[in-house]
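The values are calculated or read from the model by the stated rules, or taken from the named source; none is laboratory data. Predicted model only: the values in this text are computed from it and were never measured. Cβ: placed from backbone, ideal geometry, glycine included. Neighbour counts: every protein chain shown.
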Amino acid sequence: MKKISMFLFFTVFLFLITGCEEKQEKLEANLSEEIQLDTVDAKMVCHWDVDYSESDKYVIGAKMVVYANNDNIVTRLVTRQVASSNEKSILENVEEQLSESADLASQYGGYSFSTKIEGNRLTVDTDIDYTKVDLETLSKDNEEMKEYLTKDYQFTLDNIRAMYVSLGVTCEMQ
């Protein structure tokens, strides 16, 4: 009887040590592969994945769909970013940081932005209409943008691709 009591004690003890922790889901590393966006009439599609699961406990993926006119001047950019974490507070922090950036960007016009947290995922949708963005003012406020804009303050497909590639984004022409 004493052996059974000791066995139960150790079983309960092990359960308390290991079984009461919240189960942590393994985070998916290539989120951009599952992002669905309409690419009809797109000139370029880009994707980006970063795994911060070891340091900051989240992963993030993005897909960018770039539209341009016949002169290869970028007219619109549609982006969906998905961040995944087992900790809601981390997703809320990422959402706050992205919202602050969106607030800054919206002052130049042509910018719409929405976020949604569901379960262990944050989804961020951005739609930029470059025909309405004041790129001249943006380039004055953001000196590093100048190298990617034409003298008429427009993005070309090649320039926006170069900017994305410099940030580690992979792009494919359509």
- Message: Looking only at region 19-50, filter to residues that are at pLDDT 90 or above and either acidic (Asp, Glu) or at positive phi (or both); which one of those is surrounded by the most Cβ atoms within 10 Å (Cβ to Cβ)?
- Response: ASP49
- Query: Would you call ALA102 at pLDDT below 95, crowded, with 16+ Cβ neighbours inside 10 Å and farther than 20 Å from GLU172 by Cα?
  - Reply: yes
- Message: Here's a check for you: in region 44-69, which residue that is touching a residue at least 24 places away in the same chain (Cβ under 8 Å) and more than 19 Å from SER166 (Cα to Cα) is nearest to the chain's Cα centre (by Cα)?
- Response: VAL59
- Query: Among the residues of region 71-85, is there at least one that is in a helix (DSSP H, G or I), closer than 29 Å to SER55 by Cα and not hydrophobic (A, V, I, L, M, F, W, C)?
  - Reply: no
- Message: Can you tell me how many residues within region 32-61 are aromatic (Phe, Trp, Tyr) and assigned to a strand (DSSP E or B)?
- Response: 1
- Take the residues in region 147-161 that are surrounded by 13 or more Cβ atoms within 10 Å (Cβ to Cβ) and in contact with a helix residue (DSSP H, G or I) (Cβ under 8 Å, 6 or more places away or on another chain), then tell me which one is farthest from VAL65 (Cα to Cα). TYR153
